[in-house]
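Trainee: First, the structure itself, so that you have it in front of you.
The values are calculated or read from the model by the stated rules, or taken from the named source; none is laboratory data. Since the structure is predicted, the reported quantities are computational estimates derived from the model, not experimental observations. A quick note on method: Cβ atoms are made from the backbone with ideal geometry, for glycine too, and the neighbour counts reach across all protein chains shown.
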Amino acid sequence: MKAGVIGLGKIGFEFGLEKGRSPLASHVGCYIKLLGASNVAVVDVNQSQLKKVKRHFRSESPNLFSNFENMLNTFKPEVVSICTPTNTHAKIACAVAAYPSVKSIFLEKPIAQSLEETDAIIDACRDHNVKLTVNHQRRWNITYQMIADDEFKVRSMIGLHPGPLLRTGIHMVDLFNWMANKQPLYVQAFGNACKNYITDKSNDYKNYITDKSNDYNISGIINYEDGVTATLLSGEQMPYVLFELDLLSEDMRIRITENGNRVDTYMSQQSERYSGLKELQKTWTTFPPKHFNTLETPLYYAIKEACHFTDPEKNSCSGVEARNALQVALALHYSMCSEGCHAVNLDQVPRDYKVHSY
């Protein structure tokens, strides 16, 4: 099997160079470990990125291309990762799907900037019988898999993430959808849209058509079937990583902190302080395995799945699931940019409504 990686930015290549991360934190690193450098091709329009790859891997460097069409025509990979900016996803993914050699596309999140672009990608992959997987990476993380595989019947969720909604907050939205395991119905944003490190200097967040980037930090409530709710708390950008999830059932609370590296569980018990009331008591704490340099990462498991090294029929995050996450995120953005942050049914969001992430 041969693989191609289009885009050598952070997740495509550079995360694998950082000392605190595993070498398997990038698409390039994962494919080389799985397939060997000679069976991997990398593409970037920036020649300096190609030179950086060659210097890093030296004699065992993957095949280098500055044009993805040339790579597809000459190298003929079966699986292709697309790690380019979101505004290029639709054009590149639709073109890649049409190449006869391609059997699987592994696309970075968010799947696209609009539902119109998303549907074009899904249709192209379906028409050419190409498997489409989207890198909502926590779906391959043991912490969240452990909870999703349990019989925990969530009633309410609270996610804390002070970051851009589509660029990173969509991870939380996808987790909400996954853990709820029910159809999202409508959303309502609240508070203010906050600037972050990728938005421009404008203070007019409603000017969502002309802004260079309008991917703001947005808080809101998502309502699912059967009364299940999720609350996304964002606010101002913070100078540190913060990604926490609270899951509440009728008799239990699961709190996931330290970016997925700690899980605290609480059970409802008769209160010793208040007559006729129950309180939550901590029952256990677990620290799922951290992914250091010698260990496989969630990204590695995801790419193994995309390469069919696991069950060929398995797809932990299909294009449809990625579309669901995007639709909820776009609805939150649409609600925030409406007068008075009114509630928005998911089908109210125009298919061409677009959030410019980066």
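Trainee: Of all residues in the range 344-358, which are out of contact with any helix residue (DSSP H, G or I) (no Cβ under 7 Å at 6 or more places or on another chain) and farther than 30 Å from Gly7 by Cα?
Mentor: The answer is Asn345, Asp347, Gln348.
Trainee: Of all residues in the range 345-356, which are assigned to a loop (DSSP other than H, G, I, E, B) and hydrophobic (A, V, I, L, M, F, W, C)? Spell out the reasoning first.
Mentor: Quick first cut of the range 345-356, residues assigned to a loop (DSSP other than H, G, I, E, B) only: 349-356.
Listed by number, the residues that qualify are Val349, Val355.
Trainee: Right, next: Could you tell me which of the residues Val28, Val42, Val96, Val79 is without any contact (Cβ under 8 Å) to a residue 40 or more places away in the chain, closer than 26 Å to Asp127 by Cα and buried (at least 19 other Cβ atoms within 10 Å of the Cβ)?
Mentor: Numbers: Val28 fails: closer than 26 Å to Asp127 by Cα; Val96 fails: without any contact (Cβ under 8 Å) to a residue 40 or more places away in the chain; Val79 fails: without any contact (Cβ under 8 Å) to a residue 40 or more places away in the chain.
Within the list Val28, Val42, Val96, Val79, the selection yields Val42.
Trainee: Just give me the residues in the range 233-265 being of a type in the set (S, T, N, Q) and part of a helix (DSSP H, G or I), in sequence order.
Mentor: If we filter the range 233-265 for residues that are of a type in the set (S, T, N, Q), which is where we start, we get 234, 237, 249, 257, 259, 261, 265.
Within the range 233-265, Asn259 is the sole residue that qualifies.
Trainee: Identify the single condition in (1) in contact with a strand residue (DSSP E or B) (Cβ under 6 Å, 6 or more places away or on another chain); (2) on the phi > 0 side of the Ramachandran plot; (3) of a type outside the set (Gly, Ala, Ser) that Asn129 does not satisfy, given that it satisfies every other one.
Mentor: (1)
Trainee: How many of the residues making up the range 318-339 are more than 21 Å from Thr118 (Cα to Cα) and either outside any helix (DSSP H, G or I) or free of Cβ contacts under 8 Å to residues at least 40 places away in the same chain (or both)? Working first, answer last.
Mentor: From the range 318-339, those more than 21 Å from Thr118 (Cα to Cα) are 336-339; that's our starting set.
Checking the rest, the ones that are also either outside any helix (DSSP H, G or I) or free of Cβ contacts under 8 Å to residues at least 40 places away in the same chain (or both) come to 337-339.
Number satisfying all stated conditions: 3.
Trainee: Related question: Would you pick out the residues in the range 113-164 that are assigned to a strand (DSSP E or B) and either closer than 27 Å to Tyr216 by Cα or not assigned by TED's automatic domain parsing to the domain that holds Ile82 (or both)?
Mentor: First pass over the range 113-164, keeping only residues assigned to a strand (DSSP E or B): 131-135, 156-160.
Selection gives Thr133, Val134, Asn135, Ser156, Met157, Ile158, Gly159, Leu160.
Trainee: While we're on this one: For the range 161-180, which positions are at pLDDT 95 or above and either basic (Lys, Arg) or over 19 Å from Pro110 (Cα atoms) (or both)?
Mentor: Matches in the range 161-180: Ala180 only.
Trainee: Being among the aliphatic types (A, V, I, L, M) and surrounded by fewer than 17 Cβ atoms within 10 Å (Cβ to Cβ) is true for just one of Val344, Val320, Val263, Val355. Which residue is that?
Mentor: Working: Val344 fails: surrounded by fewer than 17 Cβ atoms within 10 Å (Cβ to Cβ); Val263 fails: surrounded by fewer than 17 Cβ atoms within 10 Å (Cβ to Cβ); Val355 fails: surrounded by fewer than 17 Cβ atoms within 10 Å (Cβ to Cβ).
Sole residue among the options that is among the aliphatic types (A, V, I, L, M) and surrounded by fewer than 17 Cβ atoms within 10 Å (Cβ to Cβ): Val320.
Trainee: When you check His342 against the structure, is it of a type outside the set (Phe, Trp, Tyr) and either part of a strand (DSSP E or B) or over 20 Å from Met157 (Cβ atoms) (or both), yes or no? Before the answer, list the steps.
Mentor: Values: of a type outside the set (Phe, Trp, Tyr): yes; either part of a strand (DSSP E or B) or over 20 Å from Met157 (Cβ atoms) (or both): yes.
Spelling it out, His342 is indeed of a type outside the set (Phe, Trp, Tyr) and either part of a strand (DSSP E or B) or over 20 Å from Met157 (Cβ atoms) (or both).
Trainee: Right, next: Touching a residue at least 24 places away in the same chain (Cβ under 8 Å) and more than 23 Å from Tyr300 (Cβ to Cβ): which single residue out of Glu108, Glu117 fits that description? Steps first, answer last, please.
Mentor: On the way: Glu108 fails: more than 23 Å from Tyr300 (Cβ to Cβ).
The conditions single out Glu117.
Trainee: Please work out which residue is surrounded by the fewest Cβ atoms within 10 Å (Cβ to Cβ), limiting yourself to the range 105-151 and to residues that are at pLDDT below 95 and β-branched (Val, Ile, Thr).
Mentor: Step by step, filter the range 105-151, then rank; the result is Ile142.
Trainee: Let me ask something additional. Applying the selection to the range 302-358, what residues are under 22 Å from Ala148 (Cβ atoms), modelled with pLDDT of 95 or more and β-branched (Val, Ile, Thr)?
Mentor: Listed by number, the residues that qualify are Ile303, Val320, Val328.
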